[in-house]
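Scroll down for the structure; my scribbles are underneath it.
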Amino acid sequence: MPLDVIRVVIIDDQPVVRAGLRAILSRAPDILVVGEASAEDDAKMTIERTHPHVAIVNAALENASATLQRITAHSPAVKALVLASSEACGATLASAVNGAANVLLTSASEQEYVQGVRIAAGHERVAPSAHRAVTSRPNEAERFGTLSERENIVFRLVARGYSGPEIGQQLQISAKTVETYKQRIQEKLGVGHRTDYIRLAMQLKLFDENPASESV
């Protein structure tokens, strides 16, 4: 086996999801799925037995946050890739991605799944499209500091999973105005997809902050 092959464990309580992920990843020549697990205890034993580079954890899994914390505490060399649904938001999302090396929406394309594993493993720094601007510039904190107060709030709410209309309702502005703020954020930070927002928020440890600081 080539030394640069990424060994992956899939942690999800739905067999059909695990089978689908295995089928997608098996098409990549540099990725090998070495194990599957459906619960926290199973995940720990599987990781200890298979020594993966990346563990894919579904945020919808019961005790997903505890599973992720256990992985990072007992197997710090293992990088976690968290899958989050587009409906996940607020504290649930923040808890699920805390400690993850990368995050993807469950609606991601096959290529995004493969690319997401490579990024989590550190074999690839950037994805081929919109993700490139997020990681190619050296000082994310400095760039984030260029946002206006309202852009800052919109960024944090998008990263936590709120939709344009929901953000508009919270800020008492139209959904069209929210899109205008998002366009300005994209111009300043290079973020386009929601996963870009989540990844940058993780890098800046924004999920560690009190959500109340994002309210208006």
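Just so it is clear, none of the values below were taken in a lab; they were calculated from the coordinates. Just so it is clear, the structure is predicted and the values come from calculations on it, not from any experiment. For neighbour counting, all protein chains shown are included, and Cβ atoms are generated from backbone atoms with ideal geometry for every residue, glycine included.
Just a few scattered comments:
- For region 62-71, the candidate set comprises residues that are farther than 20 Å from Ala108 by Cβ, without any contact (Cβ under 8 Å) to a residue 40 or more places away in the chain and buried (at least 18 other Cβ atoms within 10 Å of the Cβ); within that set, the residue that is farthest from the chain's Cα centre (by Cα) is Ile71.
- Residues (of a type in the set (Gly, Ala, Ser) and touching a residue at least 40 places away in the same chain (Cβ under 8 Å)) located in region 24-57: Ala28, Ala55
- If you go through region 174-183 and keep only what is crowded, with 16+ Cβ neighbours inside 10 Å and not hydroxyl-bearing (Ser, Thr, Tyr), you end up with Val178, Lys182.
- Filtered residue count, region 134-180, keeping only those that are closer than 26 Å to Thr106 by Cβ and not polar (S, T, N, Q): 19
- Taking region 1-21 as the range and being part of a helix (DSSP H, G or I) and surrounded by 15 or more Cβ atoms within 10 Å (Cβ to Cβ) as the test, the residues that pass are Val17, Arg18, Gly20, Leu21.
- Pairs with Cβ under 6 Å, 6+ apart, first in region 158-173 and under 20 Å from Ala84 (Cβ atoms), second part of a loop (DSSP other than H, G, I, E, B): Arg160/Cys89; Gly161/Ala88; Gly161/Cys89; Tyr162/Cys89
Yes/no matrix, rows are residues, columns are (1) among the β-branched types (Val, Ile, Thr); (2) more than 19 Å from Met202 (Cβ to Cβ); (3) within 21 Å of the chain's Cα centre (by Cα):
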| residue | (1), (2), (3) |
| --- | --- |
| Val8 | yes, yes, yes |
| Asp12 | no, yes, yes |
| Glu40 | no, yes, yes |
| Ala60 | no, no, yes |
| Val82 | yes, no, yes |
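- The numbered conditions (1) surrounded by 19 or more Cβ atoms within 10 Å (Cβ to Cβ); (2) part of a helix (DSSP H, G or I); (3) of a type outside the set (A, V, I, L, M, F, W, C) are all true for Gly35 except (2).
- Of the residues making up region 38-51, those that are more than 20 Å from Lys79 (Cβ to Cβ) and buried (at least 17 other Cβ atoms within 10 Å of the Cβ) number 1.
- Those residues of region 50-76 which are more than 20 Å from Arg118 (Cβ to Cβ) and part of a helix (DSSP H, G or I), in sequence order: Ala64, Ser65, Ala66, Thr67, Gln69, Arg70, Ala73, His74
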